[in-house]
Amino acid sequence: MARYFFHVRNGIFAVDQVGLDFETIEDVKMEALRAFSEMINDGEMNSWMGDTWEMVVVDPEGVVQFDLSFTIEGPASKSVTLPKSLRN
């Protein structure tokens, strides 16, 4: 079992100094997604109009295992036209 740390950057960088123990990297990924979902539901994310929310997951040696990021961009930043079959 190894301990992994879930650092969050959302305007500031919040360092996870406690971490959690997991058997497999797949378990770590599932926890990252669960925590991500919980932060969205709790309104803890301020990712509007170009602000990026990021979670960086590191192992006990500080090596990045993976990261999750989430950005909401307004229509002015990208131009996409939906096919007629998908329009309301």
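Residues 81, 52: which one is modelled with pLDDT under 95 and in contact with a strand residue (DSSP E or B) (Cβ under 9 Å, 6 or more places away or on another chain)?
Only one candidate qualifies: 52.
Kindly indicate whether any position in region 20-32 is modelled with pLDDT of 95 or more, open to solvent by 90 Å² or more (accessible area, probe 1.4 Å), outside any loop (DSSP other than H, G, I, E, B) and acidic (Asp, Glu).
Yes, the conditions are met somewhere in region 20-32.
The values are calculated or read from the model by the stated rules, or taken from the named source; none is laboratory data. Values in this document were obtained by computation on a predicted structure and should not be read as measured data. Note that we place each Cβ from the backbone using ideal geometry, even for glycine, and neighbour counts take in every protein chain shown. Accessible surface areas use protein heavy atoms only, side chains included; no ligands, DNA or RNA. Shrake-Rupley method; radii C 1.70, N 1.55, O 1.52, S 1.80 Å.
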